[in-house]
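The values are calculated or read from the model by the stated rules, or taken from the named source; none is laboratory data. A quick note: this is a predicted structure, and the numbers were derived from the prediction, not measured. Note that we place each Cβ from the backbone using ideal geometry, even for glycine, and neighbour counts take in every protein chain shown. The area values use the complete protein model at the heavy-atom level, side chains included, leaving out ligands, DNA and RNA. Shrake-Rupley method; radii C 1.70, N 1.55, O 1.52, S 1.80 Å.
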Amino acid sequence: MSCSYMMDHGGKFTIPPKVTSMWRVQTLRKDAIAGYAEKLDVVCPQLPDGTTVTLDTQSSLVVRYDAHERSVDLLRGRAQFSVRANPQRPFVVHVGNGTITDVGTVFQVRTDKDCTGITLIEGELDIAASAPDHATERVSLHSGKQLWFDRSGHISPVQPADLQAAEGWTEGKLFVHDWKLPDLLAEIGRAHV
């Protein structure tokens with residue numbers, strides 16, 4: 001599925017009419033938009049710099065671009081970002097108490113009630129998680145790896161990622177292995193609310 005929106009010369013984001021039923025856009029001001037996906041939708045808006053976002057069911061985000069930084073706040077759910085490289089203008093995802101800084105990769109971020117997971121499909125990311133006392137833990141993530149951080153700012157050890165399972169949702173598939181039944185039912189229920 002290919003979806004796109006564009007920023008017009010007046011500083012407003014527009015979206016083709018056939019896409020509006022899947023990708024809801026609200027203009028907050030001329031340099032920020034908010035969007036969300038509804039049930040059973042996987043949507044793929046293209047940001048003004050050519051970066052593509054694949055937004056999962058029950059997910060929402062806010063996009064802010066300025067001359068120095070490309071910024072996204074993932075408010076809930078899961079998103080995959082295929083970032084157009086620009087070392088002079090980093091792409092930063094804010095989620096919970098953490099930030100993910102990227103200059104040109106493909107990665108996923110999933111935020112749940114208590115923690116945030118990051119899976120790096122290709123490239124390299126810098127991740128920072130802040131504790132309530134403002135202490136910050138930092139780590140670099142490389143292709144094919146994943147990690148989680150929690151609200152206390154603790155970052156898990158880096159682990160190999162199952163990329164087939166990680167990317168399955170972008171194609172409407174769910175790959176499971178050794179899942180507990182309540183976790184599987186919760187995931188299926190989340191997608192069909």
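Each label was represented as a point 7 Å from its Cα along the Cα-to-Cβ direction; for THR101 and PHE175 these points are 3.2 nm apart. Working value for the stretch 48-89: equivalent-ellipsoid semi-axes of 20, 12, 7 Å, each the square root of 5 times a Cα gyration tensor eigenvalue, largest first.
Accessible surface comparison of ASP112, ASP162, probe 1.4 Å, protein chains only, largest first: the order is ASP162, ASP112.
Ordered from largest to smallest accessible area (heavy atoms of protein chains, 1.4 Å probe), the residues ASP126, ASP133 come out as ASP133, ASP126. Once you list every other residue whose beta carbon is under 12 Å from the beta carbon of LEU163, what net charge do they have if Lys and Arg are +1 and Asp and Glu are -1? Residues near LEU163 contribute -2 overall. Annotation: HIS177 carries an accessible surface of approximately 140 Å², with a 1.4 Å probe and no ligand, DNA or RNA atoms counted. The largest accessible area among THR136, THR170, THR54 belongs to the first residue in THR136, THR170, THR54, and the rest follow in falling order (1.4 Å probe, all chains).
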